Amino acid sequence: MKGNKVVFPESITDDLHHCFKCGMCQQVCPTFKVTRQEYYAPRGRVQIVKHYLEGDLELTPTLEHILMSCMLCDACAALCPSGVRVDRLFRNMRVELDKYTTKKLGKKLVFAILRNGERLRKASRLARIGQKFLVDTLGTNSKMGNIPLARLPRITSESFRQKVPEKITPEGKRSGRVIYFTGCATDLIYDDVGHAVLRILGRLGMEIVIPRDQVCCSAPLFLSGAVKASLPNIFKNLDILDRVDADAIVVDCATCGAALKKGIPELLEDLGLDTERARRVAKKVKDVSQIVSERLDELPIQENLSGEPLAVTYHDPCHLVRGMGVAADPRKILSRISGIKLVEMEGSSECCGGGGYYQFDNVDISAGITSRKKRNIMATGAHIVATGCPGCRLTLRGNISEDENIEVLHTMQLLSRSLTNKRT
Amino acid sequence: MRHETKKELERIVGPDKATDSPEHLVAYSYDAYTEERRPDIVLFPATTEEISAIMKVAHRETIPVTPRGAGTNLAGESVPIRGGIVVCLTKMDKILSIDAESLTATVQPGVINLDLQREVEKLGMMYPPDPASWAVATMGGTVATNAGGPRTLKYGVTKDYLLGLIVVLANGDVLKTGGRTLKNVTGYNLTTLICGSEGTLGIITEIIVRLIPKPPASRTIRADFMKLEDCSDAVAAIMASGSVPASLELMDRFVVKAVERSFKLGLPTDVEGILLIQLDGAEETLGREIKQIEKSLIDKNARNIIIAKDSAEAERLWLARRAAGPAMMRMRPNIITEDVTVPVSKLTAMIRKVTEIGERHRIQVGILAHAGDGNLHPCIVFDKRDDDEYKRVQAVCEELIPEALALGGTLSGEHGIGIAKAPFLKFEMDTVALSVMQGIKNYFDPKGILNPGKFV
């Protein structure tokens, strides 16, 4: 048979024939909007994959760049009139790419670290020292990707999961039991979000289990094509999450959530592996905003009557709005917090231009996407951007200068700030 | 193409705006039609001057040049079927000016139709041409194909809003046509000649369009019919009743069922046809027009008439029409959206023909129509991998055309001729018309380098 031999699930290959090239995906694709070049549009990439599989194209650095320049924001798949699962198609194609890839040494190193919890903790301690060293020697103006070193988040001195108890029981009556899947970002960078989540769930009377041996969700690996490398972590997490008895599995990171809810079951299905356990776990996975918004009335939210309310705008992370289908819950929470006023930005569900390694690999495209997002944020006049993903938080804060004076926070941080100190 | 020529072209636009790597060429080998062919090089010029310089080289070397916008064409207009150069205009995407006093806008060809709509709407104006692809289609592309859309029923098509153009000719000369005035009878109307020429006469690099005040109010009506013939007869009755809806759309049972299967919007699947009608204008006159239309609908045995109470309900009703395309696309891997158009009085006869031809060839055809202007979009769904089925699909397309012509209609209402309908041109245009057209082509493009392999 003519064509490049690739082991794709048949249902995914079939999608290639369902793309009848209408081009409607151009309107939502962040990389196309910035470049206005067809090979950066979903339709272009789909057709390029099709031609590769038919044997008309070879694996080249250009092909690799085209496939890796997709943000996997999923906007095209959500819109596609023919229902082509573009995200899934590209993920499978990236597996193919992984065999030949010219992947840089840095990325290989990051993957090796993410695969191992202990290695990751050690690396982050080293990075904390390195980060200080870099800022001291290179100065605060030097950049990593588009982000000035000084605007990168500071790595925490100690892992969040090592610091907090593995099981937290509420003081009063127990209203439920949840597993908290913290993700690497909350564990090692944004422990402020972790503490906010614990405080809020605690106030709701939740018993919280934070399994200490949970590992990276592996989305950064399997979304980049490193599928084989991602499997040990995936199985380990499934073991833990399926073992502990709980009403729900709470995530505060949109990417972890989307991986557990959708990405991992689909991945296992595409690999022809058993998906039963992954689907059982997926059913229980909830973004923290979903849990909280249901029981918002039970929280002791401070009434702030003085002064003009502070303008806050909300950025929908791709992995939250499309990955998990969550858009209303964070808004409901923000609208309830007194002293702030939710001002919607134009294109709130458009990608921020960050995500995993993207902004370091595709500096120009990423900068273009982020500057659109930033323009929309600035137009609202908001002083705070709330969001639900550490990747977005890192990107947005990194691209807003100190003088512009806009804080980027997780929705839970804002909510936690508004809670009274007294127990109910 | 020679290496030196490629280098020369690359120097004109700059190395980052020229590419000949195979992956990139694949992305410029198609539009929404089935035929494909890779060009030899793709260029992304930024100015009229650059395009003029490109054309001088192409003219000297006799290299085919295919201009392109978003590439959403349905008839192969932007497929570089003879290879050569693709001039992609998407980087020329500035709205140069919007003049609220003289109601005009001047734009570059890469501006997206909907982006212009949004900008002029902020100023209380409207640019009526609204092709279904408006969220991605470029202004250059919509001018080159004289695009229409649902609301062209009341407002007319692209040519009716076009005042002037800048066009680079085959030899690199720059032609300016028309101007910023609504009235202009100076010389031949070259603006209208270029409009709809599908890139065969020149490359459009600047566009002046007319705007109109945005209608202050609108109403939406849905009517369900147990018999398709009543449904299409109602269309003719409405058009004869004295009020002109902005849009008047028809869906047959096949389409309605497809929508219900994919999207479950709660449409009645026992009906043979549904009409969706939008009226716009001044609040004071809308009530009267609705009554007129309601009467026509009742006269033609509408089983059920829904008049939307508010914009949210109107939006819900229109969702059915917007879901129709996607629903049809999801049925089978491939779709051809036909475009035959007949006088509105012949709508019923044409619909009957389409259904009969589809059934005879055992091909699935759903009928969508911008019914008010007789513009049918029979949606033919199939799997191109099945050779026998594809042959029958082609037979259906071929049979539709003489039927439409026999009823006084045309090959194409709005999708264009391109590659898809080029073989049928001779059935509609007689030898005199064809030779005048060829003469014009020869004058503009004696070497035949502009979008060759198409209808002229």
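The values are calculated or read from the model by the stated rules, or taken from the named source; none is laboratory data. If you're wondering where the values come from, they're calculated on a predicted model, not measured in any experiment. Cβ placement follows ideal geometry from the backbone for every residue including glycine, while neighbour counts extend to all protein chains displayed. Areas reflect the complete protein model, heavy atoms only, side chains present, ligands, DNA and RNA absent. Shrake-Rupley method; radii C 1.70, N 1.55, O 1.52, S 1.80 Å.
Restricting attention to the range A:234-251, report how many residues are closer than 27 Å to residue A:175 by Cβ, open to solvent by less than 70 Å² (accessible area, probe 1.4 Å) and of a type outside the set (S, T, N, Q).
Residues flagged as closer than 27 Å to residue A:175 by Cβ, open to solvent by less than 70 Å² (accessible area, probe 1.4 Å) and of a type outside the set (S, T, N, Q) within the range A:234-251 amount to 10.
Suppose the filter is more than 14 Å from chain A (Cβ to nearest Cβ) and at pLDDT 95 or above; does residue B:43 pass it?
The answer is no for residue B:43.
Considering each of B:66, B:72, B:90 in turn, give the residue that is outside any strand (DSSP E or B), closer than 21 Å to residue B:10 by Cβ, hydroxyl-bearing (Ser, Thr, Tyr) and under 22 Å from the mean Cα position of the chain (by Cα).
B:90
Using the structure shown, decide if residue A:298 is acidic (Asp, Glu), in contact with a Pro (Cβ under 9 Å, 6 or more places away or on another chain) and more than 17 Å from residue A:326 (Cβ to Cβ).
The answer is no for residue A:298.
In this structure, does residue B:185 turn out to be assigned by TED's automatic domain parsing to the domain that holds residue B:138 and either touching a helix residue (DSSP H, G or I) at 6+ places or on another chain (Cβ under 8 Å) or surrounded by 21 or more Cβ atoms within 10 Å (Cβ to Cβ) (or both)? Quick ask: steps written out before the conclusion?
Values: assigned by TED's automatic domain parsing to the domain that holds residue B:138: yes; either touching a helix residue (DSSP H, G or I) at 6+ places or on another chain (Cβ under 8 Å) or surrounded by 21 or more Cβ atoms within 10 Å (Cβ to Cβ) (or both): no.
So residue B:185 fails the test.
Of all residues in the range B:302-359, how many are within 14 Å of chain A (Cβ to nearest Cβ) and part of a helix (DSSP H, G or I)?
Qualifying residue count for the region: 12.
Select from the range B:422-436 the residues that are more than 13 Å from residue B:412 (Cα to Cα) and either touching a strand residue (DSSP E or B) at 6+ places or on another chain (Cβ under 9 Å) or of a type in the set (Gly, Ala, Ser) (or both) and list them in ascending order.
Passing the criteria: B:433, B:435.
With the requirement that a residue be away from every other protein chain (no Cβ under 14 Å) and not in a strand (DSSP E or B), what does the range B:125-138 give you? Even if it seems obvious, please write down each step before you answer.
Within the range B:125-138, the subset away from every other protein chain (no Cβ under 14 Å) is B:125-130.
B:127, B:128, B:129, B:130 - these are the residues of the range B:125-138 that are away from every other protein chain (no Cβ under 14 Å) and not in a strand (DSSP E or B).
For residue B:382, all conditions in the list (1) buried (at least 24 other Cβ atoms within 10 Å of the Cβ); (2) within 14 Å of chain A (Cβ to nearest Cβ); (3) of a type in the set (A, V, I, L, M, F, W, C) hold save one; what is the number of the exception?
Result: residue B:382 fails condition (1) only.
Of all residues in the range A:21-30, count the ones that are open to solvent by less than 20 Å² (accessible area, probe 1.4 Å) and either facing another protein chain (nearest Cβ under 7 Å) or without any contact (Cβ under 8 Å) to a residue 24 or more places away in the chain (or both).
Here the count works out to 3.
Out of the residues in the range B:76-97 that are more than 14 Å from chain A (Cβ to nearest Cβ) and in contact with a Lys or Arg (Cβ under 9 Å, 6 or more places away or on another chain), state the one that is farthest from residue B:417 (Cα to Cα).
If we filter the range B:76-97 for residues that are more than 14 Å from chain A (Cβ to nearest Cβ), which is where we start, we get B:81-85, B:95-97.
This time we only want the ones that are in contact with a Lys or Arg (Cβ under 9 Å, 6 or more places away or on another chain), so: B:81-83.
Details: B:81: 14, B:82: 17, B:83: 19 Å.
Going through the qualifying residues, I end up with B:83.
Read through the list (1) more than 14 Å from every other protein chain (Cβ to nearest Cβ); (2) closer than 25 Å to residue A:80 by Cβ; (3) surrounded by 24 or more Cβ atoms within 10 Å (Cβ to Cβ), then give the number of the only condition that residue B:158 fails.
In the conditions (1) more than 14 Å from every other protein chain (Cβ to nearest Cβ); (2) closer than 25 Å to residue A:80 by Cβ; (3) surrounded by 24 or more Cβ atoms within 10 Å (Cβ to Cβ), residue B:158 misses (2) alone.
Residues of the range B:18-49 being open to solvent by 20 Å² or more (accessible area, probe 1.4 Å) and within 28 Å of the chain's Cα centre (by Cα), which ones?
Scanning the range B:18-49 gives B:24, B:33, B:34, B:35, B:36, B:37, B:38, B:40, B:46, B:47, B:48.
Can residue A:12 be described as without any contact (Cβ under 8 Å) to a residue 60 or more places away in the chain and outside any loop (DSSP other than H, G, I, E, B)?
On the way: without any contact (Cβ under 8 Å) to a residue 60 or more places away in the chain: no; outside any loop (DSSP other than H, G, I, E, B): yes.
So residue A:12 fails the test.
Consider residue A:386 against the criteria (1) aliphatic (A, V, I, L, M); (2) in contact with a Phe, Trp or Tyr (Cβ under 9 Å, 6 or more places away or on another chain); (3) closer than 14 Å to residue A:146 by Cα: it satisfies all of them except one. Which criterion is unmet?
Going through (1) aliphatic (A, V, I, L, M); (2) in contact with a Phe, Trp or Tyr (Cβ under 9 Å, 6 or more places away or on another chain); (3) closer than 14 Å to residue A:146 by Cα one by one, residue A:386 breaks only (3).
Within the range A:51-78, how many residues are facing another protein chain (nearest Cβ under 9 Å) and over 26 Å from residue A:392 (Cβ atoms)?
8
Give the residues of the range B:1-17 that are surrounded by 17 or more Cβ atoms within 10 Å (Cβ to Cβ), within 14 Å of another protein chain (Cβ to nearest Cβ) and free of Cβ contacts under 8 Å to residues at least 40 places away in the same chain, sorted by residue number.
Answer for the range B:1-17, where residues must be surrounded by 17 or more Cβ atoms within 10 Å (Cβ to Cβ), within 14 Å of another protein chain (Cβ to nearest Cβ) and free of Cβ contacts under 8 Å to residues at least 40 places away in the same chain: there is none.
Assess whether residue B:302 counts as being surrounded by 16 or more Cβ atoms within 10 Å (Cβ to Cβ), closer than 30 Å to residue B:385 by Cβ and not acidic (Asp, Glu). So that I can check it myself, show each step before the final result.
Working: surrounded by 16 or more Cβ atoms within 10 Å (Cβ to Cβ): yes; closer than 30 Å to residue B:385 by Cβ: no; not acidic (Asp, Glu): yes.
No; evaluated as a whole, the condition is false for this residue.
Could you grab me the full set of residues in the range B:98-124 that are away from chain A (no Cβ under 13 Å), of a type outside the set (Asp, Glu) and part of a loop (DSSP other than H, G, I, E, B)?
B:100, B:102, B:103, B:123, B:124
When only residues in the range A:317-360 that are of a type in the set (Asp, Glu) and buried (at least 18 other Cβ atoms within 10 Å of the Cβ) count, which is nearest to the chain's Cα centre (by Cα)? Working first, answer last.
The initial filter retains those residues of the range A:317-360 that are of a type in the set (Asp, Glu), namely A:329, A:344, A:346, A:350.
Pick out the ones that are also buried (at least 18 other Cβ atoms within 10 Å of the Cβ) and you get A:329, A:350.
Values: A:329: 17, A:350: 13 Å.
Checking each candidate, the answer is A:350.
With a cut-off of at least 2 residues that are of a type in the set (D, E, K, R), name the strands (runs of 3 or more DSSP E) lying wholly within the range A:191-294.
Fully inside the range A:191-294 and qualifying: A:285-287.
Do we find that residue A:33 is over 26 Å from the mean Cα position of the chain (by Cα), open to solvent by 20 Å² or more (accessible area, probe 1.4 Å) and facing chain B (nearest Cβ under 10 Å) in this structure?
No; evaluated as a whole, the condition is false for this residue.
In this structure, is residue A:387 closer than 22 Å to residue A:337 by Cβ, of a type in the set (S, T, N, Q) and over 23 Å from the mean Cα position of the chain (by Cα)? Lay out the reasoning, then the answer.
Working: closer than 22 Å to residue A:337 by Cβ: yes; of a type in the set (S, T, N, Q): yes; over 23 Å from the mean Cα position of the chain (by Cα): no.
For residue A:387, the condition - closer than 22 Å to residue A:337 by Cβ, of a type in the set (S, T, N, Q) and over 23 Å from the mean Cα position of the chain (by Cα) - is not met.
Of the residues A:305, A:310, only one is touching a strand residue (DSSP E or B) at 6+ places or on another chain (Cβ under 6 Å), modelled with pLDDT under 95 and open to solvent by 30 Å² or more (accessible area, probe 1.4 Å); which? Even if it seems obvious, please write down each step before you answer.
Numbers: A:305 fails: touching a strand residue (DSSP E or B) at 6+ places or on another chain (Cβ under 6 Å).
Answer to the selection: A:310.
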